[in-house]
Amino acid sequence: MLSLHVSEVMRTPASTITPGSPIVEAATRLRDEGIGSLVVERDGESVGIITESDIVAVTAAEGDTRKLTVEDVMATPLVTVGSDADLGVAVDRLRTHGIKKLPVVEDGELAGIVTTTDISRYVPHITRPEPSGESTPERRRFTRPDTLYEDDDWEFDSYGVADGIDVGDHVRFSKTLSENDVERFAEISGDTNRLHLDETFARDSRFGRPIVHGTLVSGIISAALARLPGLTIYLSQELAYRGPVDIGDRVTAHCEVVEQLEENRFRLSTAVDDSDGECVVEGDAVVISDPISESG
């Protein structure tokens, strides 16, 4: 197991806000500071956390949020991790609680925050314990995917077996969704919804600015799957959209093979995070995995 501690990965300092602050203030700070969450502090004690997704969810449900405070929306109890904890502890805590952001404490004080995006640079290198008596297929990092071409803006990590895929294989793919991407997608797909293309119109929407098409965001999952070893063919994809993505934001798709259904059919957990590590799309996919012949 790679020996890394939370203190080597966390971001510091963590931005904070008081429970009695208006939701509008929290939303404004998240936007202006370019962050995805605020740790809620009362009298110097960390008591909760509020994220962009929390605000989007309550806005969708309530509509008018002007009378709401941070305390009405924040997530409690606060899940934290020590700065000297092994990175694997942080990974387990994030998975167990189904969260994307983990405040870091040191000597009882808020020291920083660690997110799934921060950890994703290291998670592929952390060994997962296998059930007793089960053999572990030899996996390696694939540095060249079986794609026609790559781009300097794209990044990926793909770990799998040499021929096809197996349970436990995983892949991460990142790219920036630019204004040009949005415009091209609108033209190609025919989805010319003004929410994505007209800044004046979008300013009066619940989001307050243009956002990327949800289908374009979820398409990053397909890009990730293309970088698993072998030839991956979609059979189905179930998705839930958790939050908006700003134009120009860098998103990261994470896919992991979690179950073998038949000889060459697999189920994968899939998700897309924004640049702050906030999950914006999640779901499950079923794929066929065929080996690629040497001649092809």
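The values are calculated or read from the model by the stated rules, or taken from the named source; none is laboratory data. From a predicted model like this one, the values you see are computed outputs, not experimental measurements. With ideal geometry, Cβ positions are generated from the backbone for all residues, glycine too; neighbour counts draw on all protein chains shown.
What to note about this one:
- Scanning the stretch 90-104 for residues that are under 21 Å from Ser7 (Cα atoms), among the small types (Gly, Ala, Ser) and not assigned by TED's automatic domain parsing to the domain that holds Ser275 turns up at least one hit.
- Of everything in the stretch 93-123 that is more than 12 Å from Ser46 (Cα to Cα) and among the charged types (D, E, K, R), the residue that is surrounded by the most Cβ atoms within 10 Å (Cβ to Cβ) is Lys101.
- Selection status of Asp157, in contact with a strand residue (DSSP E or B) (Cβ under 9 Å, 6 or more places away or on another chain) and acidic (Asp, Glu): yes
- Selection from the stretch 49-82 of residues that are of a type in the set (Asp, Glu), within 22 Å of Ser275 (Cα to Cα) and touching a residue at least 40 places away in the same chain (Cβ under 8 Å): Glu52
- Pair list, Cβ < 8 Å and 6+ apart or interchain, from the stretch 217-237 residues that are farther than 12 Å from Lys175 by Cα to residues that are assigned to a strand (DSSP E or B) and acidic (Asp, Glu): Gly230/Asp290; Leu231/Asp290; Ile233/Asp290; Gln237/Asp284
- Listed by position, the helices (runs of 4 or more DSSP H) contained in the stretch 1-99 that have at least 2 residues being under 26 Å from Gly208 (Cα atoms) and polar (S, T, N, Q) are 52-62.
- Selected residue (criterion: nearest to Val47 (Cα to Cα)) from residues of the stretch 63-78 that are within 22 Å of the chain's Cα centre (by Cα) and surrounded by 14 or more Cβ atoms within 10 Å (Cβ to Cβ): Leu78
- Looking across the stretch 285-296 at every residue that is in a strand (DSSP E or B) and at pLDDT below 90, the one that is surrounded by the most Cβ atoms within 10 Å (Cβ to Cβ) is identified as Ser289.
- Highlighted here are the helices (runs of 4 or more DSSP H) found entirely within the stretch 161-276 that include at least 3 residues which are within 24 Å of the chain's Cα centre (by Cα) and under 26 Å from Val114 (Cα atoms): 214-225.
- So Ala226, is it surrounded by 14 or more Cβ atoms within 10 Å (Cβ to Cβ) and closer than 23 Å to Ile55 by Cα: no
- Single residue of Thr192, Thr232 found to be over 28 Å from Ser289 (Cα atoms) and either touching a helix residue (DSSP H, G or I) at 6+ places or on another chain (Cβ under 7 Å) or not polar (S, T, N, Q) (or both): Thr192
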